[in-house]
1. Within region 1-9, identify whether any single residue is open to solvent by 40 Å² or more (accessible area, probe 1.4 Å), on the phi > 0 side of the Ramachandran plot and free of Cβ contacts under 8 Å to residues at least 40 places away in the same chain, and answer yes or no.
2. Filter region 1-23 for residues that are closer than 24 Å to D58 by Cβ and assigned to a helix (DSSP H, G or I) and give the result.
3. Output the residues belonging to region 36-60 that are part of a loop (DSSP other than H, G, I, E, B), of a type outside the set (G, A, S) and within 16 Å of Y13 (Cβ to Cβ).
4. For region 24-35, does any single residue satisfy the condition of being surrounded by 15 or more Cβ atoms within 10 Å (Cβ to Cβ), in contact (Cβ under 8 Å) with a residue 24 or more places away in the chain, part of a loop (DSSP other than H, G, I, E, B) and not acidic (D, E)?
5. If you go through region 49-67 one residue at a time, do you hit one that is on the phi > 0 side of the Ramachandran plot and of a type in the set (A, V, I, L, M, F, W, C)?
6. Scan A42, A57, A53, A61 and give me the residue that is surrounded by fewer than 11 Cβ atoms within 10 Å (Cβ to Cβ) and either of a type in the set (A, V, I, L, M) or modelled with pLDDT of 90 or more (or both).
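The values are calculated or read from the model by the stated rules, or taken from the named source; none is laboratory data. This structure is a prediction, so every number in the text was calculated from the model and none was measured. So basically every Cβ, Gly included, is an ideal-geometry build from the backbone, and we count neighbours across all protein chains shown. The protein model used for the area step is the full one, side chains on, heavy atoms only, and it has no ligands, DNA or RNA in it. Shrake-Rupley method; radii C 1.70, N 1.55, O 1.52, S 1.80 Å.
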Amino acid sequence: MKSVYHCTQYREYLRESCNELKAQPNQQFRYALLARFIEIQATYLSRVLNGSAHLNADQLARACEYFLLN
């Protein structure tokens with residue numbers, strides 16, 4: 001997975017990380033699972049990834065947990 005330090009915005013990192021997970025043949029990644037883990041609706045996650053919404057600090061912390069960023 002790409003280093004978080006190569007991205008200038010958290011949304012860029014989220015998009016790239018999601019795309020990498022989707023590309024792995026043995027990984028069954030779905031945006032709905034990530035949204036559930038972050039405790040937001042999938043439509044809101046879509047808005048975040050498209051740049052029209054933001055995650056708050058708690059949601060961003062849960063996203064870091066999902067991608068194992070400590």
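1. no
2. V4, Y5, Y10, R11, E12, Y13, L14, R15, E16, S17, C18, L21
3. H54, L55
4. No: region 24-35 contains no residue that is surrounded by 15 or more Cβ atoms within 10 Å (Cβ to Cβ), in contact (Cβ under 8 Å) with a residue 24 or more places away in the chain, part of a loop (DSSP other than H, G, I, E, B) and not acidic (D, E).
5. no
6. Values: A42 fails: surrounded by fewer than 11 Cβ atoms within 10 Å (Cβ to Cβ); A53 fails: surrounded by fewer than 11 Cβ atoms within 10 Å (Cβ to Cβ); A61 fails: surrounded by fewer than 11 Cβ atoms within 10 Å (Cβ to Cβ).
Criteria check complete, one pass: A57.
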